[in-house]
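Rule-based calculations on the coordinates, nothing more; no lab input. None of these values were measured; they are calculated from a predicted model. We place every Cβ from the backbone using ideal geometry, glycine too, and count neighbours over all the protein chains shown.
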Amino acid sequence: MSDSLYTAIETQIKRAQSNIYTALPAKVISFNGHTVSCQVMITRVIANNQEVSIPPLVDVPAQFPHAGGFCITVPIKHGDEGLVVFSSRCIDGWYTSGSQSKPLDNRINDLSDGFFIVGCNSVPNKIPDFYHDGASMQTDDGSTYIRLTEGKIYIKGNVEHEGDTNQTGNYNQNGSFNQSGGNTTSTGTITADDVKTNRGVDLNTHIHAGVQSGNSTTGEPK
């Protein structure tokens, strides 16, 4: 094979490869709860070393862990970074029906067939307070979190719970306990250093005036 023929073939291969997309970092423009519009963050270089931005990608399905009737979601915002991976074949038939489908177009590794994986970040946008000692679901700055380690779960932040709670084991609390409705029932012993009624009567030290010895009972607390 002559050098000129080899060079021509190599040029054609590189030209074809330049139009094949596998994965590219991108930044979110908008998110509708299912798909993102995003801007690819790597430019194309064409003739004369000229840079050209790839037009924004639209209707790109966002990836979240979702299976068996359960899911984990995060609120994707404008400016969030991620990775767009591109299907090797047209996804339109499957995407609109959810069923096995033949490719509706002959395109291969095309910009139209991307999936957005959120959280693939550049150095300036890395997680600033990364937790190395277990699994963590947290705000970026670590001010609120749920962390799972060997034999223990840590929660930081205010908690609102709706539903019943069943606990096996001891309950230790450092702070106040307020109950705005309902009743409290215990089949065990309740021990407290200081007990007062809602009228301010101290059950440990209160007295009843006008009590005389005999078989009568005392009146109500004062």
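For the chain, the Cβ-based charge dipole about the Cα centre amounts to some 180 debye (Lys, Arg positive; Asp, Glu negative; other atoms uncharged). Summing charges over neighbours of residue 38, with a neighbour being any other residue whose Cβ is under 10 Å away from its Cβ, gives -1 when K and R count +1 and D and E count -1. Beta bridges assigned by DSSP with both partners in the chain are antiparallel in approximately 95 percent of cases. Against the main long axis of the alpha-carbon atoms of the chain, helix 3-17 sits at an angle near 30°. The HN-Hα couplings worked out from phi for the range 147-163 by the Karplus form 6.51 cos²θ - 1.76 cosθ + 1.60 (θ = phi - 60°) are 10, 10, 10, 5, x, 8, 10, 10, 10, 10, x, 5, 10, 10, 10, 10, x Hz, whole numbers, x standing for Gly and Pro.
Less than 5 angstrom separates the built amide H of residue 80 from those of 28, all sequence-distant by 5 or more or on a different chain.
Under a 5 Å amide H cut-off, with hydrogens placed 1.01 Å from N, residue 131 pairs with nothing among residues at least 5 apart or on other chains. Each residue of the range 51-60 was assigned a 3J(HN,Hα) from its phi angle through the Karplus curve 6.51 cos²θ - 1.76 cosθ + 1.60 (θ = phi - 60°); the sequence is 8, 9, 6, 6, x, x, 8, 10, 6, 8 Hz, with glycine and proline shown as x. Taken as Cα centroids, the range 113-169 and the range 1-75 sit 30 Å apart, rounded to the nearest whole angstrom. Would you mind finding the longest exposed-site-free stretch of the chain, with exposed chymotrypsin sites (Phe, Trp or Tyr not before Pro) meaning DSSP loop and at most 10 other Cβ atoms within 10 Å? Looking at the chain, 1-129 is the longest stretch - no exposed chymotrypsin sites (Phe, Trp or Tyr not before Pro) with at most 10 other Cβ atoms within 10 Å.
Taking only the C-alpha atoms of the range 1-131, the Rg (one decimal) and the largest Cα-Cα distance, Dmax (whole number), read 18.1, 61 Å.
Every helix of 4 or more DSSP H residues in the chain counts as -39500 (n - 2.57), and over all residues that averages to -3000 deg cm²/dmol at 222 nm. According to the Cα-based calculation, Rg over Rh for the chain is 1.31, with Rh computed by the Kirkwood formula.
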